[in-house]
Amino acid sequence: MRLFEILLVLSCFALLVDLLFIKRSAKKTGLGVGIGSSVILVVQLLVEGYRWQLLLVYIMTALFIIIVLLRHSEKMMNLKIGKFLKYSLSSLIVILLVASTALSVYLPVFNLPKPDGPEKVGTQTFHLTDQNRDESFTEDQSDKRELMVQVWYPTENRNNIKRDTLFPNNKEMFKKYIQSFSASLKMPEFVLDYLKYSHTNSYENVEILPSTSPYPVVVLSHGMGTSRVLQASQAENLASHGFIVVTIDHTYSTFATLFPDGRVTDYKKVRLH
């Protein structure tokens with residue numbers, strides 16, 4: 001889990017403890033916990049971003065903040081809840097919070113592992129069209145074979161450009177891409193939404209590191225129905241050791257191929273002519 005996600009979960013439990021065990025007369029304690037939790041909730045959403053695994057934590061935190069801040073009002077002071085109901089609800093809430101936290105742990109926002117080579121890694125993506133080759137996967141006879149090719153290579157990264165995201169960082173393109181991805185895996189689209197936060201260790205569109213000798217070239221070809229995205233970590237590691245690495249999305253043999261104009265193709269079986 002990310003830093004503010006951990007703090008958010010801890011603050012949510014702190015709010016629950018305050019409601020269960022701290023006397024209503026301790027206004028400063030409740031006020032401090034409520035304001036602190038409010039700040040953590042806002043910062044987590046703005047800095048790290050929402051993700052569905054923590055939905056229950058978001059709801060419970062917001063609800064607890066409201067109750068803690070309003071518990072000293074006249075109406076709340078007169079509100080009485082039986083001990084059995086109080087602790088039954090608290091037990092259920094704890095179970096839900098633990099379940100939400102477990103989902104966050106087992107489906108984490110991940111970044112690719114850092115390459116162990118001495119060089120920084122640059123990357124560029126190319127859209128190639130073979131005008132002499134008809135596309136065999138579509139019905140339109142005017143279609144030509146199109147490929148998306150990504151290259152990783154050693155770089156100095158003098159411009160200090162931010163590192164690249166693993167999936168498309170454009171919101172609309174990411175949505176189209178993840179729709180095709182989730183359809184291939186036969187799962188709801190929202191389940192994979194958090195992948196937009198994953199980062200690589202490569203820097204996009206930077207200059208290649210000058211070398212007095214040619215770089216060795218490695219071509220990585222993904223398996224049927226997968227994608228070049230799944231080889232990004234391997235490509236980065238090789239590039240950090242002085243290789244130029246070329247990966248290819250085999251159009252219609254991937255779970256999703258995204259083109260610069262926003263088109264997304266999915267997996268198809270070969271059409272016999």
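Against the main long axis of the alpha-carbon atoms of the chain, helix 83-106 sits at an angle near 20°. Comparing L89, L230, L45 in a Gaussian network model of the chain (Cα springs below 10 Å), the most mobile by mean-square fluctuation is L89.
The mean of 1/r over all pairs of different alpha-carbon atoms in the chain, once inverted, gives a Kirkwood hydrodynamic radius of 22.3 Å.
Give me the extension gain from D140 to Y215: residue separation times 0.36 nm, minus the current Cα-Cα distance, reported in nm with one decimal.
Details: separation 75, 0.36 × 75 = 27.00 nm, distance 4.01 nm.
Difference between extended and current length: 23.0 nm.
So if each residue of separation counts as 0.36 nm, and I subtract the Cα-Cα distance between N170 and K186, what length gain in nm does that give? Working shown, then result.
Details: separation 16, 0.36 × 16 = 5.76 nm, distance 2.34 nm.
Once the chain is fully extended between N170 and K186, it gains 3.4 nm.
Considering only protein heavy atoms and a probe of 1.4 Å, how much of the accessible area of region 128-273 is carbon and sulfur, as a whole percent?
Values: 4340 of 8270 Å².
Percent of accessible area from carbon and sulfur atoms in region 128-273: 53.
Treating each Cα of region 101-234 as an identical point scatterer and summing with the Debye formula, the log10 of I(q)/I(0) at q = 0.10, 0.11, 0.13, 0.21 Å⁻¹ comes to -0.44, -0.53, -0.73, -1.41.
If you wrap a convex hull around the Cα atoms of region 169-273, how much volume per residue is inside, in Å³?
Details: hull volume 14.4 nm³, N = 105.
Spelled out: Cα convex hull of region 169-273, divided by residues, is 137 Å³.
Modelled this way, with points 7 Å down the Cα-to-C-beta line, the labels at D261 and N205 are 2.0 nm from one another.
What 222 nm value per residue comes from the helices of the chain, counting each DSSP H run with n ≥ 4 as -39,500 (n - 2.57) and dividing by all residues, nearest 500 deg cm²/dmol?
Working: 7 runs with 104 residues, N = 273.
The helix-only estimate for the chain comes to -12500 deg cm²/dmol at 222 nm.
Cα axis of helix 3-21 to longest principal axis of the chain: angle in degrees, 0 to 90, nearest 10? Rounded to the nearest ten degrees, it is 20.
If the segment from V94 to L55 were pulled out straight at 0.36 nm per residue, it would be longer than the present Cα-Cα gap by 12.6 nm.
The GNM of the chain, with springs linking C-alpha atoms under 10 angstrom apart, assigns the highest mean-square fluctuation among L166, L31, L107 to L31. Once backbone amide H atoms are built at 1.01 Å from N, K120 has T155 as its partners under 5 Å, excluding neighbours fewer than 5 places away on the same chain. If R0 equals 35 Å, the separation of the Cβ atoms of D130 and L107 corresponds to a calculated FRET efficiency of about 0.35.
Taking all protein chains as shown and a probe of 1.4 angstrom, E172 keeps an accessible surface of around 120 Å².
The values are calculated or read from the model by the stated rules, or taken from the named source; none is laboratory data. Keep in mind the model is a prediction, meaning the values are calculated, not measured. Here the Cβ is made from the backbone with ideal geometry for all residues, glycine too, and neighbour counts use every protein chain on show. Remember, those area values only see protein heavy atoms, side chains included, never the ligands or the DNA or RNA. Shrake-Rupley method; radii C 1.70, N 1.55, O 1.52, S 1.80 Å.
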